[in-house]
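The values are calculated or read from the model by the stated rules, or taken from the named source; none is laboratory data. If you're wondering where the values come from, they're calculated on a predicted model, not measured in any experiment. Heads up, the Cβs are rebuilt from the backbone with ideal geometry, glycines too, and the neighbour counts pull from every protein chain shown. With ligands, DNA and RNA removed, areas are computed over all heavy atoms of the protein, side chains included. Shrake-Rupley method; radii C 1.70, N 1.55, O 1.52, S 1.80 Å.
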Amino acid sequence: MKILVTGTEGYIGARLAPWLQSHGHEVVGLDTGFYRDGCLYLDPIGLQVMPRTVFKDLREVTPEDFAGFDAVIHLAELSNDPLGQNRPEITFKINHEGSVRIAEAAKRAGVKRFVYASSCSVYGVGTGDFLDEQAPVNPQTAYAQCKVLVERDLLPMADDSFSVVFLRNATAYGPSPRMRFDIVLNDLCALAWTKKKIAMVSDGSPWRPIVHIEDICEAMRCAAEAPADAVNGQVYNVGRDGENYRIREIADIVAAAFPGCEVSAGPPSKDNRSYRVSFAKIASKLPGYQARWTAQLGAEELRRLFERIDFSQETFEYRAFTRLKQLKYLQRTHQVDDDLFWSAR
């Protein structure tokens, strides 16, 4: 297929585009370019081909941008909770209204398949039970609220000529050239390598489901390729049942993968987000999909990467690998304006 991927210069997109290309698809990227400053590593063997990428703000797309494509995989949003809470009104403009605009433009252009990268964060505060796709959503942040609104607004667009599928990804981890160290396992691995100590600011009791970046890429490939009747109008949680952990359990797994690392806990957190998620549906219903990674394997993979690239504290703290730092830098240097549009030179 010919697939347009939004967010190819982001954390997941930088891995997804080559993943799709390695499976025989033609890929074109669309990205605003906020995170191009950061490249954690080069992998000419594993990431042999990068797609042609059009740099354009998703708030300005038109149907012409989607002409000739069979499918769209939409990743490009302001990602994670701290970034969303920084300017909630802009988050809603980009993540909610901008995402709906992309879907509408794609449908008018004749695109047949639309895959939306949602998030398990829509569950917010769980009951303690494993939440499946039928569980009530309970978003606690602007980022999660936008995910709920996009799902709500895109579902009525699904019909016989436009298949829409929603992938609620667990919290991602794993290496990417456009690395993020503002997500839990990646951050803990970086602390373990650079500090030899993980000093948690809370007691680590909240539950989080986590999923390797390759398992996300595979879910997106399967969702793009599946027969329409298997995915149209469907929501899939992306991950595997055994990969629900308390934060302190993730810290212990990471410490075991980084010899000499110590773990200490803090007081109970005021953050009430805690949820466990069921991934039974995607394991049984999405054709061809199988999640393969575990937190232990992921932590060991990151340790090997850090060894190979001589990972340093300076690199860990580099602004481009923390989304909020990078956007504040672009604003401070007047490269983007208050609404996050690129400024004219």
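Can Ala291 be described as in a loop (DSSP other than H, G, I, E, B) and either within 22 Å of the chain's Cα centre (by Cα) or over 27 Å from Cys120 (Cα atoms) (or both)? Against the criterion (in a loop (DSSP other than H, G, I, E, B) and either within 22 Å of the chain's Cα centre (by Cα) or over 27 Å from Cys120 (Cα atoms) (or both)), Ala291 qualifies.
Applying the set (1) under 25 Å from Asn237 (Cβ atoms); (2) assigned to a helix (DSSP H, G or I); (3) modelled with pLDDT of 95 or more to Tyr116 leaves exactly one unmet item: (2). Surrounded by fewer than 21 Cβ atoms within 10 Å (Cβ to Cβ), of a type outside the set (Asp, Glu), under 21 Å from the mean Cα position of the chain (by Cα) and part of a helix (DSSP H, G or I) - does that describe any residue in segment 263-281? Yes, that holds for at least one residue. Among residues of segment 287-303 that are under 15 Å from Ile210 (Cα atoms), those with a Cβ under 6 angstrom from a residue that is outside any helix (DSSP H, G or I) and open to solvent by 40 Å² or more (accessible area, probe 1.4 Å), sequence gap 6+ or separate chain, pair up as Ala291/Arg240. Can you spot a residue in segment 202-209 that is over 23 Å from Val122 (Cα atoms), open to solvent by less than 40 Å² (accessible area, probe 1.4 Å) and outside any loop (DSSP other than H, G, I, E, B)? No: zero hits.
Residue-wise test of (1) closer than 30 Å to Gln331 by Cα; (2) among the basic types (Lys, Arg); (3) open to solvent by less than 20 Å² (accessible area, probe 1.4 Å).
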position: Ile90; (1), (2), (3): yes, no, yes
position: Glu97; (1), (2), (3): yes, no, no
position: Ala109; (1), (2), (3): no, no, no
position: Phe114; (1), (2), (3): no, no, yes
position: Ser119; (1), (2), (3): yes, no, yes
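Applying a threshold of 6 Å to beta carbon distances and a minimum spacing of six or more residues, or different chains, the list of pairs starting in segment 153-172 at a residue that is open to solvent by 10 Å² or more (accessible area, probe 1.4 Å) and ending at one that is of a type in the set (S, T, N, Q) and at pLDDT 95 or above reads Ala158/Asn232; Arg168/Ser118; Arg168/Ser119; Arg168/Asn237; Asn169/Ser119.
Being open to solvent by 70 Å² or more (accessible area, probe 1.4 Å) and out of contact with any helix residue (DSSP H, G or I) (no Cβ under 8 Å at 6 or more places or on another chain) is the filter; apply it to segment 305-327 and report the residue that is farthest from Trp193 (Cα to Cα). Among those that are open to solvent by 70 Å² or more (accessible area, probe 1.4 Å) and out of contact with any helix residue (DSSP H, G or I) (no Cβ under 8 Å at 6 or more places or on another chain), it is Tyr318.
Filtering segment 26-48 for residues that are surrounded by fewer than 22 Cβ atoms within 10 Å (Cβ to Cβ), within 17 Å of the chain's Cα centre (by Cα), closer than 21 Å to Ala219 by Cβ and modelled with pLDDT under 95 leaves an empty set. Step by step: first the residues of segment 220-243, then only those that are of a type in the set (A, V, I, L, M, F, W, C) and farther than 20 Å from Phe130 by Cα, then the one that is most open to solvent (accessible area, probe 1.4 Å). Which residue is that? Among them, the one singled out is Ala228.
Trp19 meets the conditions (1) open to solvent by 10 Å² or more (accessible area, probe 1.4 Å); (2) assigned to a loop (DSSP other than H, G, I, E, B); (3) within 27 Å of Phe311 (Cα to Cα); (4) not charged (D, E, K, R) in every case but one. The failed one is (2).
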